[in-house]
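The values are calculated or read from the model by the stated rules, or taken from the named source; none is laboratory data. What you are looking at is a predicted structure, and each value in this text was computed from that prediction instead of being measured. We place every Cβ from the backbone using ideal geometry, glycine too, and count neighbours over all the protein chains shown.
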Amino acid sequence: MKILQENPNNLTLQLRPWFTWIFSATFFLAGLSLAVFGGQVHTLKCRRDRSVCEASSASLLWSTQQTIPIANIQSAEIDILKDKKQNSYYQVLLLTDRKKIPVIVSTSDYETVEMWAKQIEVFLQKPHIKELVIQEDYRLEGYIVGGIFGSIFVLAGVMTLAIFGTVSTCTINKNLGKLTLHNRGLLNHSQTEYATQDILRVVVEKYRNNTKRFTYRVVLVMECGERVPFTLYFSSQLKEQQQIAEHISFFLGLKPAENLEIFHHPNTK
């Protein structure tokens with residue numbers, strides 16, 4: 001809650017859903033990352049005339065490259081990797097006099113990795129072979145899969161922002177005897193006015209969602225029995241909602257004891 005204005009006759013409170021904005025941005029950026037970084041190409045290129053092998057990986061926005069002198073490469077072997085589910089993946093290692101260098105990308109296709117290792121061995125053993133190029137290009141399928149899942153993440157981020165990312169502002173003018181609720185979001189914009197004399201009390205409404213967790217929002221209870229929500233969404237921040245209700249109640253001269261009572265949403269048991 002942010003107090004934009006406060007004096008004896010005017011009070012303006014604003015609630016900005018920072019957590020929702022950060023959550024939406026995370027989904028949005030994750031979606032863009034999947035779409036952009038999903039496609040990669042991995043290459044091992046060896047040239048006799050330059051006496052080096054270059055192992056590189058590249059995507060749309062980044063690339064890495066490692067240069068290994070051919071004279072330092074002793075042989076090639078296959079490394080076996082295990083994931084958390086004990087599935088096997090294979091990768092070619094270049095054995096040098098100092099270390100083992102992984103090249104190309106790990107894959108579950110053992111026959112393909114075995115073929116790469118044999119091609120490297122043949123190149124090392126036969127000096128008349130001038131060049132060796134091994135390339136695994138995942139760009140097309142990466143962009144397709146990344147684009148699909150990335151779009152889902154981007155859409156989830158936008159929808160979360162559209163539904164729960166509303167900025168709510170409450171303005172009270174005692175001279176005019178009016179309370180104005182202004183909600184502005186990505187897809188919605190509303191403004192309603194109420195006579196302060198018609199407000200019976202300000203309470204916190206409790207709601208239990210599908211995950212059995214409680215969420216809350218401030219509600220204006222009118223003399224006629226109508227319940228006017230301060231925000232268009234429920235929040236998990238009970239303390240913040242209570243502070244808003246207490247601040248409005250104190251400014252309007254309503255009884256604090258009634259304000260601190262938590263009213264159950266009709267769907268809450």
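Below are the figures for this structure:
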item: LYS85 vs. criteria at pLDDT 80 or above and in a loop (DSSP other than H, G, I, E, B); result: yes
item: Strands (runs of 3 or more DSSP E) completely within segment 166-231 that count 1 or more residues being more than 23 Å from PRO8 (Cα to Cα) and of a type in the set (Val, Ile, Thr); result: 167-173, 199-208, 214-222, 227-229
item: Close pairs (9 angstrom Cβ cut-off, 6 or more residues apart or separate chains): modelled with pLDDT of 75 or more in segment 247-264, among the acidic types (Asp, Glu) anywhere; result: HIS247/GLU6; SER249/GLU258; PHE251/GLU6
item: Of the criteria (1) of a type outside the set (S, T, N, Q); (2) within 15 Å of LEU232 (Cβ to Cβ); (3) over 36 Å from the mean Cα position of the chain (by Cα), which one LYS174 fails; result: (2)
item: Residue among ILE144, ILE163 that is in a helix (DSSP H, G or I), at pLDDT below 80 and over 30 Å from ASP109 (Cβ atoms); result: ILE163
item: Tally, over segment 99-141, of residues that are of a type in the set (A, V, I, L, M), part of a helix (DSSP H, G or I) and within 18 Å of ASP49 (Cα to Cα); result: 3
item: Options SER106, SER57: the member that is of a type in the set (Gly, Ala, Ser) and in contact with a Phe, Trp or Tyr (Cβ under 7 Å, 6 or more places away or on another chain); result: SER106
item: Any hit, segment 197-211, residues being surrounded by 17 or more Cβ atoms within 10 Å (Cβ to Cβ) and of a type in the set (Ser, Thr, Tyr); result: no
item: Qualifying position, being more than 13 Å from CYS46 (Cβ to Cβ) and in contact with a Leu (Cβ under 6 Å, 6 or more places away or on another chain), among SER63, SER106; result: SER106
item: Per-region count, segment 86-134, residues loosely packed, with under 15 Cβ neighbours inside 10 Å and among the aliphatic types (A, V, I, L, M); result: 5
